[in-house]
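Report on the structure given below.
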Amino acid sequence: MTTPPTSGRNDAWEMDQLHRDEITVAMNWVIRTCQEIVRNRSHKTYWAPATTSEGTPSPEQLMQTAREDVIDKLQRIIDGAQFVMHHIERERTKRKQ
C-alpha cells in the first residue's frame, strides 16, 4: 500500500486520489493477467491446453493444466485486488468515523 498523505488542507482529496490510484493499479494487474493468459494459453479466444506426450489429455491432466495455466494465476491476482479493496474500505470507514 502507498503511504497516506500527511496532514494538511487537502487530506480528503489526496486520500481519495491515493485510493483511486491503488484501485487502478490492482485492476490493471487483473487485466494484464487476463491478457497474458489469453495471449499464451488460447487460440482464437478458446482455451488451448498444452498437449501431452500421450496424445489426448485425460480429464485429470486437463484439470491440472487448467489450474496451473489459468485458475491459479487469476486467483492469486484477484485475491490481491480484493485485499487492496478491503484495505481501502477499512481506511475509508475509519476516516468517516
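The values are calculated or read from the model by the stated rules, or taken from the named source; none is laboratory data. Just so it is clear, the structure is predicted and the values come from calculations on it, not from any experiment. In this analysis, Cβ positions are derived from the backbone assuming ideal geometry, glycine residues included, and neighbour counts consider all displayed protein chains. Areas reflect the complete protein model, heavy atoms only, side chains present, ligands, DNA and RNA absent. Shrake-Rupley method; radii C 1.70, N 1.55, O 1.52, S 1.80 Å.
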Handout entry: Nearest-10 value in Å² for the accessible area of residue 33, using the 1.4 Å probe
Key = 10
Exercise for the section: Give, as a single signed number, the net charge of other residues whose beta carbon lies under 14 Å from the beta carbon of residue 30, with Lys and Arg counted +1 and Asp and Glu -1. Expected result: 0
Fill in the blank from the handout: Expected unfolding gain across residue 43-residue 74 under the 0.36 nm per residue rule, minus the alpha-carbon gap, is 9.3 nm
Exercise for the section: Calculate, for the chain, the solvent-accessible area per residue in square angstrom, rolling a 1.4 angstrom probe over the heavy atoms of the protein chains. Expected result: 78
Handout entry: Spatial extent of the chain: Rg and Dmax, with the Cα atoms as the point set, Å
Key = 19.8, 67
Handout entry: Spatially proximal lysines relative to residue 73 (Cα-Cα < 26 Å; intrachain offsets below 8 disregarded)
Key = 44
Handout entry: Net charge of neighbours whose Cβ lies under 12 Å from the Cβ of residue 81, counting Lys and Arg as +1 and Asp and Glu as -1
Key = 0
Handout entry: Segment residue 13-residue 94, length gained on full extension (0.36 nm per residue, minus Cα span)
Key = 27.6 nm
Practice task
Report in % the part of the accessible area of the stretch 15-78 that belongs to carbon and sulfur, leaving out ligands and nucleic acids; probe 1.4 Å.
Solution key: 58
Exercise for the section: Would you grab the residues whose amide H sits under 5 Å from the one on residue 42? Only those 5+ places off in sequence or on another chain, please, with H modelled 1.01 Å from N. Expected result: 48
